[in-house]
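Take a look at the structure below.
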Amino acid sequence: MLQVNDNYLKLPGSYLFSTIGKKVSAYTQANPDKKIIRLGIGDVTLPLAPAVVKALHEAVEEQADAATFKGYAPDLGYAFLRDVIAEKDFKARGCEIAADEIFISDGAKSDSGNIQEIFSADAKIAVCDPVYPVYVDSNVMAGRCGNYDGETEQWSNIVYMPCTAENGFAPDLPKETPDLIYLCFPNNPTGAAITKDRLQDWVDYANKNGAVIIYDAAYEAYVSEENVPHSIYECAGARTCAIEIRSFSKKAGFTGLRLGYTVVPKDLVCGGTALHGLWARRHGTKFNGAPYIVQRAGAAVYTPEGEAQTREQVAYYMKNAAYIRAGLQEAGYTVYGGTNAPYIWLKAPNGMTSWQFFDYLLEKGNVVGTPGSGFGPSGETYFRLTAFGSYENTVEALRRIKSL
Ligand SMILES: *Cc1c(COP(=O)(O)O)cnc(C)c1O
């Protein structure tokens, strides 16, 4: 009899955001007069930049005219977008990445979930703890992770790399050598960045051990410090061990439009096979391209106007981040992140667990954040606040937190 892919049945429920939703709605029903401020959101809130909107309008007009109409896009994406990415995101930063090593997609979530398909079923993966859940769940669905232990909240066949205050929330090299290493910097949820020297250690480690690094750089646009790399290809030797995933979501507010890309260098060879060809085959078979109008909008991000306007959006969020960081420090909290990422990772005070602090902040301050334990066991006793709210709400939330 036909059976389902029972790997899906091994996945534990994703309770984090539904539990938050239930707790908040129970509280608002009981206290309808209270104004809740949400600093838990991982979504941008500012509207699209004018240069992006203009490009969208123009591309729609092109689609309305037989002379300029575009149907299916080229497999890798339009050259007008890949060329400008190669120039501005890589060449300008001293990275050697060619336009035909860039695969345009509908976002970093799909790419980071799909990339595991081109590796063998018995590949051993390593992830940070806490972690963006997509890397783990996509490998569970593929049958790579063994069994889930509800006690430890870990899978039997994953190498977990704790990210703690002690290691600056950038993992130490694992004792057991994995095949596939997922790294995300600047990090969601911790807001931590990795220095170029420490990332170089990872590149050297991967090259030495024949491992591949999947580098999620969705928050690259938030890097503000000099010694923090924007791309893993700033490290020597990354072309032979790293795949990098980028997104227009947090950089330019494309969470609703959908656009991202994956870089697979032609020098990246695994067991004698170049991964570029495999990913090209996968992309061509299962994906029919990001919409033309969205690729035009993406190219507009790299025009002088688009660059200035999207930089201003990132600066708006980072002003919130700095405000949250400074306010929490003033109130005596231990805080991390918020310098190269729109996330602030704070230690729950007075020995509270993540969820105890969630309830306390909701009930006493009417502020909603995200319990760190929801991202993995090493997130316990931590709490995430995001800088994606309005400046006014951010200021009001901090006023409330300080008065607790
Ligand atoms: C938001 C986010 C992404 C972006 O995903 P898109 O699908 O491009 O919107 C990727 N990785 C991480 C860690 C994120 O937080």
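The values are calculated or read from the model by the stated rules, or taken from the named source; none is laboratory data. Keep in mind the model is a prediction, meaning the values are calculated, not measured. Methodologically, a virtual Cβ is constructed for each residue, glycine included, from the backbone with ideal geometry; neighbour enumeration extends over all protein chains shown. All accessible areas refer to the heavy atoms of the entire protein, side chains included, with ligands and DNA or RNA removed. Shrake-Rupley method; radii C 1.70, N 1.55, O 1.52, S 1.80 Å.
For Y333, what charge total do you get from the other residues with a beta carbon under 11 Å from its beta carbon, if Lys and Arg give +1 and Asp and Glu give -1?
On the way: positive: R325, K347, K402; negative: E330.
Once positives and negatives cancel, what remains is +2.
For C235, the accessible surface of its heavy atoms amounts to roughly 10 Å² (probe 1.4 Å, protein chains only, rounded to the nearest 10).
Using a Gaussian network model of the chain in which every pair of alpha carbons under 10 angstrom is joined by a spring, one finds that among I104, I118, I181 the greatest mean-square fluctuation is at I118. Rounded to the nearest 5, what % of DSSP beta bridges with both residues in segment 118-274 are antiparallel? Taking every DSSP beta bridge with both residues in segment 118-274, the antiparallel ones total about 35 percent.
Nonpolar atom fraction for segment 293-404, defined as the carbon and sulfur part of the 1.4 Å probe accessible area, stands at 51 percent. For the chain, the alpha carbon positions stretch 59, 53, 50 Å along the principal axes, listed from largest to smallest.
Among beta bridges from DSSP that stay inside the chain, the antiparallel ones total about 55%. Please report the carbon-and-sulfur percent of the accessible area for segment 9-145; probe 1.4 Å, protein heavy atoms only, DNA, RNA and ligands left out. Here it works out to 57 percent. Net charge in the neighbourhood of P371 (other residues with Cβ under 9 Å of its Cβ; Lys, Arg +1, Asp, Glu -1) is 0. Coupling constants for segment 27-40 follow from the phi torsions by the Karplus curve (6.51 cos²θ - 1.76 cosθ + 1.60, θ = phi - 60°), and in residue order they are 5, 5, 5, 6, 10, x, 7, 7, 9, 8, 10, 9, 10, x Hz; glycine and proline get x. Protein heavy-atom surface of segment 154-254, 1.4 angstrom probe: 44% of the accessible area is carbon and sulfur, with nucleic acids and ligands not counted. Going by accessible surface with a 1.4 Å probe and the largest first, H57, H283 read H57, H283. Summary of the geometry: segment 1-29 and segment 212-291, compared by the centres of their Cα atoms, lie 29 Å apart. A probe of 1.4 angstrom, applied to the heavy atoms of all protein chains, finds I97 with accessible area near 20 square angstrom.
With all protein chains in place and ligands, DNA and RNA left out, the 1.4 Å accessible area ranks S354, S18, S156 as S156, S18, S354, largest first.
Based on the alpha-carbon gyration tensor of segment 334-404 and its eigenvalue square roots a ≥ b ≥ c, which shape applies: rounded if a/c is under 1.5, prolate if not and a/b is larger than b/c, or oblate? Since a/c reaches 1.5 but b/c is at least a/b, the shape of segment 334-404 is classed as oblate.
Hey, what's segment 266-404 come to in accessible area per residue, 1.4 Å probe, Å²? If you can, show how the numbers build up before the last one.
Working: 5590 Å² over 139 residues.
On a per-residue basis, 40 Å².
A 1.4 Å probe run over the protein chains yields, for segment 31-187, 46 Å² of accessible area per residue, whole-number rounding.
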